[in-house]
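Beneath this line is the structure, given in C-alpha coordinates, with notes to follow.
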Amino acid sequence: MEEKEKTVFIFGHKNPDTDSVVAAAAYKKLKELLGHNNYVAARAGHLSPQTDYVFNKFGVKPPEYISEFSPKVAFYTDDNFQCAREKDSLWKVLGNLEKTQDQVIPIVDENGAYKSLLHYNAFAKNLLIQMNPEKKSPVVTSIALIKETLNAQPIIFRRENEIFKATILVGSSATETFKTHLERHKTEPLVVIASNRPEIQEQCIDAKVRLLVLTSGQVLSKTLRDKAEKNGVSVIISPYGTSSTSMLIAYSTPVSSMSDTSISAVHRYDPISKVKPLLREVPCRCLPVVDDANKVIGIISESDLLKEPNVELILVDHNEATQVIDGYEHYRIREVIDHHRIGTLCTKEPILFLNKPVGSTSTLITELYRENKIPVPVEIASLLLCGILSDTLILKSATTTEIDRETAEYLSAITNLDVQKLGEEIIAAGSVIGSRSAQDIIAQDLKEYVEGKISYSVSQIEVDSPHDILARKKEFLDELEANRRAGKMIFAALLVTDITKLSSLLFFACDKKHESLFTFPKQEDGVYYLNDVVSRKKQLIPMLTEQIAAISNE
(Lines give C-alpha, C1' and ligand atoms only; values in the text may rest on other atoms or scores of the structure.)
Protein backbone atom coordinates (compact mmCIF):
# COMPACT_ATOMS: atom_id res chain seq x y z
CA MET A 1 0.00 0.00 0.00
CA GLU A 2 1.30 3.42 -0.94
CA GLU A 3 2.22 5.53 2.07
CA LYS A 4 -0.11 8.47 2.62
CA GLU A 5 1.39 11.92 2.10
CA LYS A 6 1.99 13.74 5.36
CA THR A 7 0.62 17.18 6.12
CA VAL A 8 3.43 19.73 6.20
CA PHE A 9 3.01 22.85 8.33
CA ILE A 10 5.01 25.92 7.29
CA PHE A 11 5.82 28.03 10.36
CA GLY A 12 7.49 31.36 10.86
CA HIS A 13 9.10 32.14 14.20
CA LYS A 14 7.37 32.91 17.48
CA ASN A 15 6.08 36.49 17.76
CA PRO A 16 6.18 36.65 13.95
CA ASP A 17 6.92 39.82 12.01
CA THR A 18 5.49 40.62 8.59
CA ASP A 19 8.30 38.92 6.67
CA SER A 20 7.84 35.72 8.65
CA VAL A 21 4.08 35.47 8.12
CA VAL A 22 4.26 36.51 4.48
CA ALA A 23 6.98 33.93 3.78
CA ALA A 24 4.84 31.11 5.22
CA ALA A 25 1.77 32.13 3.20
CA ALA A 26 3.70 32.63 -0.05
CA TYR A 27 5.66 29.39 0.26
CA LYS A 28 2.48 27.43 0.89
CA LYS A 29 1.02 28.94 -2.29
CA LEU A 30 4.13 27.98 -4.26
CA LYS A 31 3.85 24.38 -3.08
CA GLU A 32 0.19 24.40 -4.11
CA LEU A 33 1.01 25.76 -7.58
CA LEU A 34 3.60 23.00 -7.92
CA GLY A 35 0.82 20.46 -7.41
CA HIS A 36 1.18 19.71 -3.69
CA ASN A 37 -1.98 20.11 -1.61
CA ASN A 38 -0.65 18.78 1.69
CA TYR A 39 0.96 22.04 2.91
CA VAL A 40 -0.51 24.35 5.56
CA ALA A 41 0.69 27.90 6.24
CA ALA A 42 0.75 28.54 9.98
CA ARG A 43 1.95 31.11 12.51
CA ALA A 44 3.12 30.67 16.08
CA GLY A 45 1.92 34.04 17.35
CA HIS A 46 -0.64 36.78 16.88
CA LEU A 47 -0.43 39.17 13.97
CA SER A 48 1.26 42.52 14.60
CA PRO A 49 -0.73 45.61 13.56
CA GLN A 50 1.50 45.95 10.50
CA THR A 51 1.04 42.33 9.40
CA ASP A 52 -2.70 42.48 9.98
CA TYR A 53 -2.84 45.66 7.88
CA VAL A 54 -0.92 44.05 5.01
CA PHE A 55 -3.10 40.93 4.77
CA ASN A 56 -6.29 42.99 5.01
CA LYS A 57 -5.06 45.46 2.39
CA PHE A 58 -4.58 42.74 -0.21
CA GLY A 59 -7.52 40.57 0.82
CA VAL A 60 -5.49 37.46 1.69
CA LYS A 61 -6.40 35.18 4.58
CA PRO A 62 -3.42 35.02 6.99
CA PRO A 63 -1.86 31.69 8.00
CA GLU A 64 -3.63 29.62 10.64
CA TYR A 65 -2.75 30.53 14.23
CA ILE A 66 -1.41 27.62 16.28
CA SER A 67 -0.11 28.55 19.72
CA GLU A 68 1.80 25.33 20.40
CA PHE A 69 2.48 22.10 18.56
CA SER A 70 2.52 19.35 21.14
CA PRO A 71 1.32 15.98 19.74
CA LYS A 72 -2.37 16.11 18.87
CA VAL A 73 -4.85 13.37 18.01
CA ALA A 74 -5.09 14.52 14.38
CA PHE A 75 -1.37 13.92 13.89
CA TYR A 76 -1.76 10.17 14.53
CA THR A 77 -5.29 9.55 13.27
CA ASP A 78 -6.00 6.89 10.67
CA ASP A 79 -8.44 8.42 8.19
CA ASN A 80 -8.88 5.16 6.26
CA PHE A 81 -12.17 4.20 7.87
CA GLN A 82 -15.88 3.85 7.23
CA CYS A 83 -18.94 4.87 9.21
CA ALA A 84 -22.38 3.30 9.43
CA ARG A 85 -25.72 5.02 9.79
CA GLU A 86 -27.49 4.28 13.05
CA LYS A 87 -30.48 2.82 11.15
CA ASP A 88 -28.36 0.45 9.03
CA SER A 89 -28.92 -3.23 9.78
CA LEU A 90 -26.37 -5.08 11.85
CA TRP A 91 -26.06 -7.65 9.05
CA LYS A 92 -25.12 -5.00 6.51
CA VAL A 93 -22.55 -3.37 8.79
CA LEU A 94 -20.97 -6.66 9.87
CA GLY A 95 -20.57 -7.55 6.21
CA ASN A 96 -18.62 -4.34 5.63
CA LEU A 97 -16.61 -4.93 8.80
CA GLU A 98 -15.57 -8.34 7.52
CA LYS A 99 -14.61 -7.00 4.07
CA THR A 100 -12.48 -4.15 5.37
CA GLN A 101 -11.12 -6.01 8.41
CA ASP A 102 -11.63 -2.85 10.48
CA GLN A 103 -11.61 -3.28 14.25
CA VAL A 104 -14.41 -0.82 14.84
CA ILE A 105 -17.06 1.15 12.98
CA PRO A 106 -18.32 4.54 14.21
CA ILE A 107 -22.09 4.88 14.14
CA VAL A 108 -23.46 8.26 13.02
CA ASP A 109 -26.88 9.87 12.73
CA GLU A 110 -28.52 11.00 9.49
CA ASN A 111 -26.49 14.24 9.62
CA GLY A 112 -23.20 12.39 10.03
CA ALA A 113 -22.71 13.29 13.71
CA TYR A 114 -21.10 10.65 15.93
CA LYS A 115 -23.47 8.57 18.10
CA SER A 116 -21.74 5.34 19.20
CA LEU A 117 -19.10 2.76 18.33
CA LEU A 118 -19.55 -0.79 17.07
CA HIS A 119 -16.79 -3.10 18.23
CA TYR A 120 -16.66 -6.85 18.66
CA ASN A 121 -16.98 -6.77 22.45
CA ALA A 122 -20.19 -4.74 22.36
CA PHE A 123 -21.57 -6.82 19.49
CA ALA A 124 -20.90 -10.13 21.25
CA LYS A 125 -22.37 -8.94 24.54
CA ASN A 126 -25.56 -7.53 23.01
CA LEU A 127 -26.05 -10.48 20.69
CA LEU A 128 -25.80 -12.94 23.60
CA ILE A 129 -28.50 -11.00 25.42
CA GLN A 130 -30.74 -11.02 22.37
CA MET A 131 -30.18 -14.69 21.52
CA ASN A 132 -30.66 -15.96 25.08
CA PRO A 133 -33.56 -18.45 24.78
CA GLU A 134 -34.49 -18.10 28.44
CA LYS A 135 -35.11 -14.36 28.25
CA LYS A 136 -36.56 -14.26 24.73
CA SER A 137 -35.71 -10.63 24.22
CA PRO A 138 -37.61 -8.89 21.41
CA VAL A 139 -35.66 -7.89 18.33
CA VAL A 140 -35.52 -4.15 17.66
CA THR A 141 -36.00 -3.90 13.91
CA SER A 142 -38.22 -2.72 11.05
CA ILE A 143 -39.92 -4.54 8.20
CA ALA A 144 -37.58 -2.83 5.73
CA LEU A 145 -34.52 -3.97 7.68
CA ILE A 146 -35.80 -7.56 7.83
CA LYS A 147 -36.47 -7.49 4.09
CA GLU A 148 -32.98 -6.11 3.41
CA THR A 149 -31.23 -8.62 5.69
CA LEU A 150 -33.05 -11.59 4.17
CA ASN A 151 -32.81 -10.19 0.65
CA ALA A 152 -36.49 -11.03 0.65
CA GLN A 153 -39.16 -10.43 -1.98
CA PRO A 154 -41.73 -7.91 -0.72
CA ILE A 155 -45.36 -8.83 -1.30
CA ILE A 156 -47.24 -6.44 1.00
CA PHE A 157 -45.47 -3.52 2.75
CA ARG A 158 -47.09 -1.55 5.58
CA ARG A 159 -45.20 0.98 7.77
CA GLU A 160 -42.01 -0.69 6.58
CA ASN A 161 -39.58 1.91 7.97
CA GLU A 162 -41.03 2.10 11.46
CA ILE A 163 -38.67 0.73 14.13
CA PHE A 164 -40.41 -1.58 16.63
CA LYS A 165 -39.64 -4.31 19.17
CA ALA A 166 -40.57 -7.48 17.36
CA THR A 167 -41.51 -10.75 19.03
CA ILE A 168 -40.39 -13.54 16.70
CA LEU A 169 -42.52 -16.70 16.39
CA VAL A 170 -41.91 -19.72 14.17
CA GLY A 171 -45.03 -21.38 12.84
CA SER A 172 -43.75 -24.94 13.10
CA SER A 173 -46.00 -26.39 15.82
CA ALA A 174 -49.45 -27.96 15.52
CA THR A 175 -52.27 -25.67 14.45
CA GLU A 176 -54.01 -25.49 17.84
CA THR A 177 -50.73 -25.15 19.71
CA PHE A 178 -49.64 -22.29 17.46
CA LYS A 179 -53.01 -20.62 17.89
CA THR A 180 -52.33 -20.60 21.64
CA HIS A 181 -48.94 -18.98 21.02
CA LEU A 182 -50.58 -16.26 18.94
CA GLU A 183 -53.15 -15.61 21.61
CA ARG A 184 -50.47 -15.35 24.29
CA HIS A 185 -48.58 -12.67 22.31
CA LYS A 186 -51.55 -10.90 20.72
CA THR A 187 -50.69 -7.53 22.34
CA GLU A 188 -47.13 -7.61 20.95
CA PRO A 189 -45.86 -6.64 17.47
CA LEU A 190 -45.42 -10.11 15.98
CA VAL A 191 -43.15 -11.31 13.21
CA VAL A 192 -44.08 -14.85 12.24
CA ILE A 193 -41.90 -17.15 10.17
CA ALA A 194 -44.07 -19.66 8.32
CA SER A 195 -43.42 -22.22 5.64
CA ASN A 196 -45.94 -23.72 3.19
CA ARG A 197 -48.71 -24.29 5.76
CA PRO A 198 -51.79 -22.31 4.64
CA GLU A 199 -53.60 -22.90 7.94
CA ILE A 200 -50.74 -21.29 9.91
CA GLN A 201 -50.55 -18.46 7.37
CA GLU A 202 -54.26 -17.78 7.77
CA GLN A 203 -54.04 -17.81 11.57
CA CYS A 204 -51.35 -15.14 11.37
CA ILE A 205 -53.38 -13.02 8.99
CA ASP A 206 -56.49 -13.36 11.16
CA ALA A 207 -54.43 -12.34 14.19
CA LYS A 208 -53.22 -9.29 12.23
CA VAL A 209 -49.55 -9.94 12.93
CA ARG A 210 -47.15 -7.14 11.97
CA LEU A 211 -45.18 -9.23 9.46
CA LEU A 212 -45.57 -12.66 7.92
CA VAL A 213 -42.34 -14.13 6.53
CA LEU A 214 -42.76 -17.02 4.09
CA THR A 215 -39.64 -19.18 3.82
CA SER A 216 -37.93 -21.14 1.07
CA GLY A 217 -39.52 -19.02 -1.64
CA GLN A 218 -43.08 -20.11 -0.78
CA VAL A 219 -45.93 -17.95 -2.10
CA LEU A 220 -49.21 -16.83 -0.61
CA SER A 221 -52.48 -17.87 -2.22
CA LYS A 222 -54.55 -15.16 -3.89
CA THR A 223 -57.28 -15.55 -1.25
CA LEU A 224 -54.87 -15.18 1.66
CA ARG A 225 -53.08 -12.29 -0.04
CA ASP A 226 -56.35 -10.38 -0.37
CA LYS A 227 -57.10 -11.11 3.27
CA ALA A 228 -53.65 -9.92 4.34
CA GLU A 229 -54.13 -6.70 2.38
CA LYS A 230 -57.47 -6.14 4.11
CA ASN A 231 -56.03 -6.82 7.60
CA GLY A 232 -52.95 -4.64 7.09
CA VAL A 233 -50.49 -7.53 7.39
CA SER A 234 -47.12 -7.11 5.69
CA VAL A 235 -45.84 -10.15 3.81
CA ILE A 236 -42.37 -10.95 2.44
CA ILE A 237 -40.83 -14.07 0.92
CA SER A 238 -37.45 -15.25 2.26
CA PRO A 239 -35.21 -17.24 -0.08
CA TYR A 240 -33.87 -19.16 2.94
CA GLY A 241 -35.23 -22.03 4.97
CA THR A 242 -36.91 -21.54 8.33
CA SER A 243 -33.81 -21.96 10.51
CA SER A 244 -31.64 -19.62 8.44
CA THR A 245 -34.41 -17.07 8.24
CA SER A 246 -34.86 -17.15 12.02
CA MET A 247 -31.16 -16.61 12.58
CA LEU A 248 -30.84 -13.79 10.05
CA ILE A 249 -33.76 -11.81 11.47
CA ALA A 250 -31.77 -11.40 14.68
CA TYR A 251 -29.19 -9.53 12.58
CA SER A 252 -31.78 -7.18 11.09
CA THR A 253 -31.67 -5.01 14.19
CA PRO A 254 -30.35 -1.44 13.65
CA VAL A 255 -26.65 -1.38 14.31
CA SER A 256 -27.16 1.35 16.91
CA SER A 257 -28.85 -1.18 19.21
CA MET A 258 -25.71 -3.32 19.16
CA SER A 259 -23.13 -0.55 19.46
CA ASP A 260 -21.43 0.90 22.51
CA THR A 261 -22.92 4.25 23.48
CA SER A 262 -20.56 4.61 26.45
CA ILE A 263 -17.56 5.39 24.22
CA SER A 264 -17.18 9.11 23.62
CA ALA A 265 -15.29 10.51 20.66
CA VAL A 266 -12.11 12.55 21.04
CA HIS A 267 -11.51 15.85 19.26
CA ARG A 268 -8.93 16.10 16.49
CA TYR A 269 -6.91 18.66 18.45
CA ASP A 270 -7.04 16.94 21.83
CA PRO A 271 -3.51 16.39 23.16
CA ILE A 272 -2.19 12.85 22.99
CA SER A 273 -1.39 13.04 26.70
CA LYS A 274 -5.14 13.28 27.38
CA VAL A 275 -6.10 10.48 24.97
CA LYS A 276 -3.57 7.83 26.03
CA PRO A 277 -5.36 6.88 29.27
CA LEU A 278 -8.73 6.91 27.48
CA LEU A 279 -7.45 4.36 24.96
CA ARG A 280 -6.37 2.06 27.78
CA GLU A 281 -9.86 2.16 29.29
CA VAL A 282 -11.89 1.10 26.23
CA PRO A 283 -12.02 -2.64 25.42
CA CYS A 284 -11.33 -2.14 21.71
CA ARG A 285 -8.32 0.16 22.34
CA CYS A 286 -9.70 2.47 19.62
CA LEU A 287 -11.54 5.79 19.70
CA PRO A 288 -13.39 7.76 17.02
CA VAL A 289 -11.98 11.20 16.20
CA VAL A 290 -14.33 14.08 15.44
CA ASP A 291 -14.09 17.66 14.21
CA ASP A 292 -15.77 20.78 15.58
CA ALA A 293 -19.12 19.70 14.10
CA ASN A 294 -18.89 16.25 15.78
CA LYS A 295 -18.39 14.63 12.35
CA VAL A 296 -16.12 11.58 12.40
CA ILE A 297 -12.81 12.20 10.59
CA GLY A 298 -10.89 9.10 11.62
CA ILE A 299 -9.99 6.47 14.18
CA ILE A 300 -7.09 6.49 16.63
CA SER A 301 -5.77 3.35 18.29
CA GLU A 302 -3.00 2.49 20.70
CA SER A 303 -0.97 1.06 17.83
CA ASP A 304 -1.26 4.37 15.93
CA LEU A 305 0.68 6.06 18.73
CA LEU A 306 3.67 3.85 17.97
CA LYS A 307 3.88 5.21 14.43
CA GLU A 308 5.49 8.41 13.18
CA PRO A 309 3.11 11.38 13.33
CA ASN A 310 1.50 12.21 10.00
CA VAL A 311 2.81 15.80 10.03
CA GLU A 312 6.15 17.44 9.27
CA LEU A 313 7.46 20.99 9.53
CA ILE A 314 9.05 23.63 7.33
CA LEU A 315 10.60 26.64 9.10
CA VAL A 316 10.81 30.01 7.40
CA ASP A 317 12.62 33.13 8.62
CA HIS A 318 14.27 31.40 11.60
CA ASN A 319 16.52 28.54 12.60
CA GLU A 320 17.09 29.18 16.32
CA ALA A 321 15.64 26.47 18.58
CA THR A 322 14.30 29.15 20.95
CA GLN A 323 12.27 30.72 18.13
CA VAL A 324 10.58 27.56 16.86
CA ILE A 325 7.00 26.83 17.95
CA ASP A 326 6.79 24.91 21.23
CA GLY A 327 6.55 21.15 20.70
CA TYR A 328 8.44 21.11 17.40
CA GLU A 329 10.87 18.47 18.68
CA HIS A 330 8.23 15.74 18.22
CA TYR A 331 8.28 16.09 14.43
CA ARG A 332 10.62 15.88 11.47
CA ILE A 333 11.75 19.24 10.10
CA ARG A 334 11.73 18.91 6.33
CA GLU A 335 13.12 22.31 5.25
CA VAL A 336 14.50 25.57 6.61
CA ILE A 337 14.43 28.78 4.53
CA ASP A 338 16.09 31.67 6.32
CA HIS A 339 18.35 34.72 6.11
CA HIS A 340 19.66 34.86 9.69
CA ARG A 341 22.77 33.47 11.31
CA ILE A 342 22.95 29.69 11.82
CA GLY A 343 21.51 29.08 15.24
CA THR A 344 21.16 26.20 17.67
CA LEU A 345 18.66 24.07 15.77
CA CYS A 346 19.58 20.40 15.33
CA THR A 347 17.91 17.75 13.16
CA LYS A 348 18.18 13.97 13.21
CA GLU A 349 18.66 13.65 9.46
CA PRO A 350 19.72 15.76 6.47
CA ILE A 351 17.24 18.40 5.34
CA LEU A 352 16.93 21.11 2.71
CA PHE A 353 18.53 24.15 4.35
CA LEU A 354 18.38 27.36 2.31
CA ASN A 355 20.15 30.28 3.98
CA LYS A 356 21.38 33.38 2.15
CA PRO A 357 22.67 36.75 3.40
CA VAL A 358 19.79 38.84 2.07
CA GLY A 359 17.54 41.34 3.79
CA SER A 360 14.33 39.32 3.83
CA THR A 361 13.03 35.76 3.65
CA SER A 362 10.40 37.09 1.25
CA THR A 363 13.27 37.70 -1.19
CA LEU A 364 14.23 34.03 -0.97
CA ILE A 365 10.64 32.86 -1.49
CA THR A 366 10.34 35.08 -4.58
CA GLU A 367 13.56 33.54 -5.93
CA LEU A 368 12.03 30.09 -5.50
CA TYR A 369 9.01 31.11 -7.60
CA ARG A 370 11.36 32.33 -10.32
CA GLU A 371 13.64 29.28 -10.17
CA ASN A 372 10.63 26.99 -10.54
CA LYS A 373 9.29 29.16 -13.39
CA ILE A 374 6.02 29.69 -11.54
CA PRO A 375 4.26 33.04 -12.10
CA VAL A 376 3.66 34.85 -8.79
CA PRO A 377 -0.05 35.59 -8.25
CA VAL A 378 -0.59 39.35 -7.90
CA GLU A 379 -1.89 39.16 -4.32
CA ILE A 380 1.06 36.98 -3.27
CA ALA A 381 3.50 39.30 -5.06
CA SER A 382 1.97 42.20 -3.11
CA LEU A 383 2.52 40.38 0.18
CA LEU A 384 6.09 39.45 -0.73
CA LEU A 385 6.87 43.05 -1.62
CA CYS A 386 5.53 44.13 1.79
CA GLY A 387 7.67 41.46 3.48
CA ILE A 388 10.82 42.79 1.81
CA LEU A 389 10.05 46.46 2.47
CA SER A 390 9.16 45.74 6.11
CA ASP A 391 12.30 43.72 6.85
CA THR A 392 14.68 46.11 5.06
CA LEU A 393 13.13 49.41 6.23
CA ILE A 394 12.14 50.26 2.66
CA LEU A 395 15.48 48.96 1.34
CA LYS A 396 17.47 51.26 3.67
CA SER A 397 18.57 48.75 6.29
CA ALA A 398 22.19 47.59 6.48
CA THR A 399 20.93 44.11 5.63
CA THR A 400 19.63 45.21 2.22
CA THR A 401 21.39 43.64 -0.77
CA GLU A 402 21.22 44.15 -4.51
CA ILE A 403 19.20 40.96 -4.67
CA ASP A 404 16.56 42.54 -2.39
CA ARG A 405 16.43 45.69 -4.52
CA GLU A 406 16.12 43.77 -7.78
CA THR A 407 13.46 41.48 -6.27
CA ALA A 408 11.49 44.47 -4.99
CA GLU A 409 11.56 45.99 -8.49
CA TYR A 410 10.39 42.68 -9.98
CA LEU A 411 7.47 42.47 -7.55
CA SER A 412 6.65 46.13 -8.06
CA ALA A 413 6.37 45.50 -11.80
CA ILE A 414 3.98 42.60 -11.21
CA THR A 415 1.77 44.49 -8.77
CA ASN A 416 2.08 48.04 -10.13
CA LEU A 417 2.76 49.20 -6.55
CA ASP A 418 5.13 52.09 -5.81
CA VAL A 419 7.94 50.81 -3.59
CA GLN A 420 8.49 53.98 -1.56
CA LYS A 421 4.82 54.79 -1.10
CA LEU A 422 3.90 51.21 -0.11
CA GLY A 423 6.89 50.99 2.23
CA GLU A 424 5.97 54.19 4.07
CA GLU A 425 2.37 52.98 4.33
CA ILE A 426 3.20 49.64 5.95
CA ILE A 427 5.93 51.06 8.22
CA ALA A 428 3.41 53.65 9.46
CA ALA A 429 0.87 50.88 10.12
CA GLY A 430 3.40 49.09 12.32
CA SER A 431 4.70 52.12 14.20
CA VAL A 432 1.43 53.14 15.84
CA ILE A 433 1.94 53.02 19.60
CA GLY A 434 -1.26 54.65 20.80
CA SER A 435 -2.82 52.88 23.77
CA ARG A 436 -0.99 49.60 23.19
CA SER A 437 0.62 48.16 26.30
CA ALA A 438 4.39 47.94 26.69
CA GLN A 439 4.18 44.16 26.88
CA ASP A 440 2.19 44.01 23.63
CA ILE A 441 4.81 46.09 21.83
CA ILE A 442 7.73 44.12 23.28
CA ALA A 443 6.12 40.79 22.37
CA GLN A 444 5.23 41.96 18.86
CA ASP A 445 8.60 41.03 17.36
CA LEU A 446 10.54 39.33 20.14
CA LYS A 447 13.32 36.84 19.50
CA GLU A 448 15.21 34.79 22.04
CA TYR A 449 18.86 33.83 21.60
CA VAL A 450 21.22 31.38 23.26
CA GLU A 451 25.01 31.82 23.39
CA GLY A 452 26.42 28.78 25.17
CA LYS A 453 24.79 28.83 28.61
CA ILE A 454 23.66 32.46 28.28
CA SER A 455 20.21 33.39 27.03
CA TYR A 456 18.75 36.78 26.19
CA SER A 457 15.97 38.38 24.15
CA VAL A 458 15.80 41.31 21.74
CA SER A 459 12.55 42.85 20.52
CA GLN A 460 12.30 45.45 17.77
CA ILE A 461 9.83 48.06 16.63
CA GLU A 462 10.19 50.65 13.87
CA VAL A 463 8.74 54.12 14.54
CA ASP A 464 8.83 57.51 12.84
CA SER A 465 9.72 59.02 16.22
CA PRO A 466 10.79 57.36 19.50
CA HIS A 467 9.18 60.14 21.54
CA ASP A 468 6.06 58.18 22.59
CA ILE A 469 8.11 55.22 23.82
CA LEU A 470 10.63 57.44 25.63
CA ALA A 471 7.74 59.15 27.43
CA ARG A 472 6.79 55.70 28.81
CA LYS A 473 10.36 54.60 29.56
CA LYS A 474 9.70 53.22 33.04
CA GLU A 475 6.78 51.11 31.81
CA PHE A 476 8.92 49.56 29.06
CA LEU A 477 11.94 48.94 31.29
CA ASP A 478 9.74 47.36 33.97
CA GLU A 479 8.22 44.97 31.42
CA LEU A 480 11.64 44.09 30.02
CA GLU A 481 12.92 43.35 33.52
CA ALA A 482 9.87 41.17 34.24
CA ASN A 483 10.50 39.24 31.01
CA ARG A 484 14.18 38.87 31.87
CA ARG A 485 13.45 37.42 35.30
CA ALA A 486 10.70 35.13 34.01
CA GLY A 487 13.00 33.71 31.34
CA LYS A 488 16.07 33.60 33.62
CA MET A 489 17.96 35.62 31.01
CA ILE A 490 21.04 37.85 31.28
CA PHE A 491 19.14 40.71 29.67
CA ALA A 492 16.00 41.62 27.74
CA ALA A 493 16.18 44.46 25.23
CA LEU A 494 13.92 46.48 22.94
CA LEU A 495 15.44 48.06 19.83
CA VAL A 496 13.40 51.13 18.90
CA THR A 497 14.40 52.04 15.35
CA ASP A 498 13.79 55.59 14.11
CA ILE A 499 13.01 55.15 10.40
CA THR A 500 13.43 58.89 9.71
CA LYS A 501 16.95 59.15 11.17
CA LEU A 502 18.00 55.52 10.52
CA SER A 503 19.26 55.11 14.07
CA SER A 504 17.94 53.34 17.17
CA LEU A 505 17.45 53.53 20.90
CA LEU A 506 18.12 50.38 22.90
CA PHE A 507 15.96 49.89 26.01
CA PHE A 508 18.00 47.51 28.13
CA ALA A 509 17.07 45.55 31.27
CA CYS A 510 20.15 43.66 32.44
CA ASP A 511 21.34 41.57 35.36
CA LYS A 512 23.09 44.21 37.52
CA LYS A 513 26.10 41.93 37.91
CA HIS A 514 26.86 42.12 34.18
CA GLU A 515 25.48 45.51 33.20
CA SER A 516 28.89 47.19 33.20
CA LEU A 517 30.18 44.80 30.52
CA PHE A 518 27.88 46.33 27.89
CA THR A 519 29.57 49.49 26.62
CA PHE A 520 26.93 51.09 24.38
CA PRO A 521 26.66 54.92 24.43
CA LYS A 522 24.19 55.67 27.23
CA GLN A 523 21.51 58.28 26.57
CA GLU A 524 19.89 57.91 29.99
CA ASP A 525 19.39 55.19 32.59
CA GLY A 526 18.37 51.98 30.85
CA VAL A 527 18.43 53.56 27.37
CA TYR A 528 21.34 53.56 24.91
CA TYR A 529 21.73 55.45 21.64
CA LEU A 530 22.90 53.41 18.65
CA ASN A 531 23.80 55.69 15.75
CA ASP A 532 23.30 54.17 12.26
CA VAL A 533 22.07 50.90 13.79
CA VAL A 534 18.77 49.74 12.30
CA SER A 535 19.25 45.99 11.88
CA ARG A 536 18.86 43.64 14.79
CA LYS A 537 20.21 40.73 12.74
CA LYS A 538 23.23 42.26 11.02
CA GLN A 539 24.27 45.03 13.42
CA LEU A 540 22.98 44.62 16.96
CA ILE A 541 23.28 40.84 17.45
CA PRO A 542 26.94 40.71 16.33
CA MET A 543 27.77 43.56 18.76
CA LEU A 544 25.96 41.77 21.58
CA THR A 545 27.70 38.50 20.77
CA GLU A 546 31.10 40.14 21.24
CA GLN A 547 30.16 41.61 24.59
CA ILE A 548 28.50 38.38 25.78
CA ALA A 549 31.80 36.63 25.14
CA ALA A 550 33.23 38.62 28.05
CA ILE A 551 30.57 37.16 30.34
CA SER A 552 31.26 33.63 29.10
CA ASN A 553 34.96 34.06 29.90
CA GLU A 554 34.37 35.22 33.47
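The values are calculated or read from the model by the stated rules, or taken from the named source; none is laboratory data. Because the structure is a prediction, the values reported are computed rather than measured. With ideal geometry, Cβ positions are generated from the backbone for all residues, glycine too; neighbour counts draw on all protein chains shown. The accessibility values were calculated without ligands, DNA or RNA, using every heavy atom of the protein model including side chains. Shrake-Rupley method; radii C 1.70, N 1.55, O 1.52, S 1.80 Å.
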Note: N151 to R197 extended length (0.36 nm per residue) minus current alpha-carbon separation gives 14.4 nm
Computed ³J(HN,Hα) along segment 361-377: with the Karplus parameters 6.51/-1.76/1.60, θ = phi - 60°, integer Hz and x for glycine or proline, the list is 5, 4, 4, 5, 5, 4, 4, 5, 4, 5, 5, 8, 6, 10, x, 7, x
Ordering T187, T401 by the accessible surface of their heavy atoms, 1.4 Å probe, largest first, yields T187, T401
Simple SL model, points at 7 angstrom along Cα→Cβ for E402 and L33; separation in nm is 2.6
In this structure, among K4/K72; K28/K276; K87/K295, pairs with alpha-carbon gaps over 23 Å are K28/K276
The ³J(HN,Hα) series, computed from each phi in segment 15-30 with the Karplus coefficients 6.51, -1.76 and 1.60 at θ = phi - 60°, rounded to the nearest Hz and given as x for glycine or proline, is 6, x, 8, 4, 4, 5, 6, 4, 4, 5, 5, 5, 6, 4, 5, 4
Helix-only [θ] at 222 nm, the chain, -39500 (n - 2.57) per DSSP H run of 4+, per residue, nearest 500, equals -10500 deg cm²/dmol
Taking Lys and Arg as +1 and Asp and Glu as -1, residues besides V235 with C-beta under 13 Å from its C-beta add up to +4
Restricting to lysines and to Cα separations under 20 Å from K208, and discarding same-chain partners fewer than 8 apart, the set is K147, K165, K179, K186, K222, K227, K230
Residues of segment 223-256 with backbone N under 11 Å of the label point set 7 Å from the Cα of K208 along Cα→Cβ are 231-233
Taking T519, T363 and ranking on accessible area (1.4 Å, protein atoms only), highest first, one gets T519, T363
Ordering 225-234, 379-388 by per-residue average of other C-beta atoms within 10 angstrom, highest first, gives 379-388, 225-234
For K538, the lysines lying under 23 Å Cα to Cα, once residues fewer than eight places off in the same chain are dropped, come out as K14, K356, K396, K447, K453, K501, K522
Length gained if I351 through N531 is fully extended, taking 0.36 nm per residue and subtracting the Cα-Cα distance, is 60.9 nm
Length-normalised contact order of the chain, Cα under 8 Å, at least 6 apart, in percent, tallies to 15
Each label sits 7 Å from Cα toward the beta-carbon; between E5 and A113 the label points are separated, in nm, by 3.4
Probe 1.4 Å, heavy atoms of protein chains only: per residue, the accessible area of the chain in Å² is 47
